[in-house]
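The values are calculated or read from the model by the stated rules, or taken from the named source; none is laboratory data. Keep in mind the model is a prediction, meaning the values are calculated, not measured. Positions of Cβ are backbone-derived with ideal geometry, glycine not excepted, and every protein chain shown enters the neighbour counts. The accessibility values were calculated without ligands, DNA or RNA, using every heavy atom of the protein model including side chains. Shrake-Rupley method; radii C 1.70, N 1.55, O 1.52, S 1.80 Å.
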Amino acid sequence: MKVAVVGATGLVGGEILKVLAERNFPVTELIPVASERSVGKQVEFKGKQYTVVSFEDAIKLKPNVAIFSAGGGTSTKLAPVFAEAGITVIDNSSAWRMDPTKKLVVPEINAYTLTTEDKIIANPNCSTIQMVVVLNPLHKKYKIKRVVVSTYQSVTGTGKAAVDQLFAEREGRTDVENVYPHKIDLNVLPHIDVFLDNGYTKEEMKMVNETKKIMMDDSIAVTATTVRIPTIGGHSEAVNIEFENEFDLQEVYDILSQEEGVIIQDDPKNLIYPMPINAHGKDEVFVGRIRRDESQPKTLNMWIVADNLRKGAATNAVQIAEFLAKKGLL
Ligand code: A2P
């Protein structure tokens, strides 16, 4: 497979290269792409150096698949150009996610709907992916009525510049351009992406709308508060789930323990619960603090953590590519 990575010099792009290598995706030719200012720079893949090329040169090399993580503007402009050249695009930005003609894919849930007609495939929002991986098997068993989620999100979700801001603040340096409107170190920002007219942020509405689309059920009510915290290992989420049907706590454990890509870390007596510091660099979604909501029936509380650059972005995108390759759709 010839694989182009658009945004190869960015945080998610770098992670895509690592995940392609770790999972041994059958790459016969790697084509790293970034903005004009990075053309000619080197990136490393499987111990070898590769030269960054422009998107025009990448298209000429006719990759089978292009994994994009270069922001919404770039995807809006360039994904159709790649698609028209017959290259399947897997896009990490929010540009195509809610387009009714595009599929929004978490492989464990809905990859089976993909066909050769799907030339631009959207990778969901990072916070949404790690949540739906856990919600979906429980929805199948007990039918979810409503989800109330609060997130604790890593600065890596904003990109390299945000990590630089955090460490510059920590080290007392003023030599970087701030990407957050307030200090992030030793602080918490209840603000991710832009504010909308309804008082929610765009990130919060991504969790509401993308959950319904991926799980193919508009009846699931979701309300979210998304929060940026000064961590880099991954996103954490406190999730409250109300079901239509009664559940058994042991059965919830059994269902989740059998779910591919989900690891239960739930042993409060031994102080074991998911944390971003442990999720960092891992492909799985970690779940713990699983307990009944004692304030109302048929309701569950849990704590979900994943590396947002991995399952929340790079891993999910590479898993989509793996599915397409396995099914002969590339
Ligand atoms: P560059 O490094 O040349 O700016 P991050 O989210 O970590 O900041 O990374 C964003 C990624 O998207 C980088 O690899 C960046 O490349 C890339 N990028 C930004 N604009 C474009 C563009 N117009 N065409 C291709 N890649 C782009």
> If you plug each phi of region 228-243 into the Karplus form 6.51 cos²θ - 1.76 cosθ + 1.60 with θ = phi - 60°, what whole-Hz ³J(HN,Hα) values come out, in order, with x for Gly and Pro?
Replying inline: 8, 10, x, 10, 10, x, x, 9, 10, 9, 8, 10, 10, 10, 9, 9
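Can you give me the relative contact order of region 173-325 as a percent, contacts being Cα pairs under 8 Å and 6 or more apart?
Working: 225 pairs, mean separation 30.6, N = 153.
Computed over region 173-325, the figure is 20 percent.
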>> As I understand it, the dipole of the chain uses +1 on the Cβ of Lys and Arg and -1 on the Cβ of Asp and Glu, about the Cα centre. Which of Met131, Val318, Val252 lies farthest toward its positive end?
In response: Val318
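Roll a 1.4 Å probe over the protein chains and send me the accessible area per residue for the chain in Å². Don't skip to the answer; put the middle values down first.
Working: 14740 Å² over 330 residues.
The answer is 45 Å² per residue.
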>> I'd like the distance between the alpha-carbon centres of region 118-160 and region 46-85, rounded to an integer number of Å.
In response: 26 Å
>> Show me, for region 92-99, the HN-Hα J-couplings you get by feeding each phi into the Karplus relation (A = 6.51, B = -1.76, C = 1.60, θ = phi - 60°), rounded to Hz, glycine and proline as x.
In response: 7, 7, 8, 4, 10, 4, 9, 5
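Distances longer than 34 Å among the Cα atoms of the chain: what percent of all pairs is that?
Details: 12471 of 54285 pairs.
When all Cα pairs of the chain are counted, 23 percent exceed 34 Å.
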>> For Phe45, what residues show an amide H to amide H distance below 5 Å, using hydrogens built from the backbone and excluding near sequence neighbours?
In response: Tyr50
> aspartates and glutamates within cross-link reach of Lys202: Cα-Cα under 12 Å, excluding same-chain residues under 8 positions apart?
Replying inline: Asp193, Glu210
>> Using 5 Å bins from zero, what percent of all Cα-Cα pairs in region 206-330 falls into each bin?
In response: 2, 9, 15, 20, 23, 16, 9, 4, 1, 0
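When the solvent-accessible surface of protein heavy atoms is calculated with a 1.4 angstrom probe, in what order do Tyr112, Tyr273 fall, highest first?
Values: Tyr112 155, Tyr273 90 Å².
Most to least solvent-accessible, the answer reads Tyr112, Tyr273.
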>> Probe radius 1.4 Å, ligands and nucleic acids left out: which of Thr28, Thr201, Thr51 has the largest accessible area, and how do the rest follow?
In response: Thr28, Thr51, Thr201
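Relative contact order of region 1-126, please, whole-number percent, based on alpha carbon pairs below 8 angstrom and at least 6 residues apart. Please list the in-between numbers first.
Values: 242 pairs, mean separation 27.4, N = 126.
The normalised contact order for region 1-126 reaches 22 percent.
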>> Considering only protein heavy atoms and a probe of 1.4 Å, how much of the accessible area of region 1-42 is carbon and sulfur, as a whole percent?
In response: 50 percent
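Rounded to a whole number of µm²/s, how large is the Stokes-Einstein D of region 90-179 at 4 °C and 1.567 mPa s, given Rh as the Kirkwood radius over C-alpha pairs?
On the way: Rh = 16.0 Å.
D, rounded to a whole number, is 81 µm²/s.
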> Which residues' amide hydrogens lie under 5 Å from the amide hydrogen of Lys282, considering only partners 5 or more residues apart or on another chain, with H built in the peptide plane?
Replying inline: Asp307
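Within 10 Å of each candidate Cβ there may be at most 16 other Cβ atoms; applying that plus a DSSP loop requirement, which trypsin sites (Lys or Arg not before Pro) in region 31-105 survive? All intermediate terms of the calculation are to be shown ahead of the outcome.
Details: sites: Arg37, Lys41, Lys46, Lys48, Lys60, Lys77, Arg97, Lys102, Lys103; in loops: Lys41, Lys46, Arg97, Lys102.
The qualifying sites are Lys41, Lys46.
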> In region 253-322, carbon and sulfur make up what percent of the accessible area (probe 1.4 Å)?
Replying inline: 48 percent
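Relative contact order (percent) for region 74-133, with alpha-carbon contacts under 8 angstrom and 6 or more residues of separation? Each step should come with its number before you reach the end.
Working: 76 pairs, mean separation 23.3, N = 60.
Relative contact order here is 39 percent.
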>> Restricting to DSSP loop positions (anything but H, G, I, E, B) with no more than 15 other Cβ atoms inside 10 Å of their own Cβ, which GluC sites (Glu not before Pro) remain in region 180-286?
In response: Glu244, Glu246, Glu260
> Check Ile31: other-chain or 5+ apart residues with amide H under 5 Å from its amide H, H built from backbone geometry?
Replying inline: Val3, Ala4, Val5
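Could you work out what % of the accessible surface of region 92-219 is carbon and sulfur, using a 1.4 angstrom probe and leaving DNA, RNA and ligands out of the count?
Heavy-atom surface of region 92-219 belonging to carbon and sulfur, 1.4 Å probe: 53 percent.
If Met275, Met205 are ordered by their accessible area, calculated over protein heavy atoms with a 1.4 Å probe, which sequence runs from highest to lowest? Write down the numbers at each step before the final one.
Working: Met275 75, Met205 45 Å².
If we order Met275, Met205 from most to least accessible, we get Met275, Met205.
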>> Below 12 angstrom from the Cβ of Pro268, what's the summed charge of the other residues (Lys, Arg +1; Asp, Glu -1)?
In response: +1
> region 256-330 to region 228-250: how many Å between their Cα centroids?
Replying inline: 10 Å
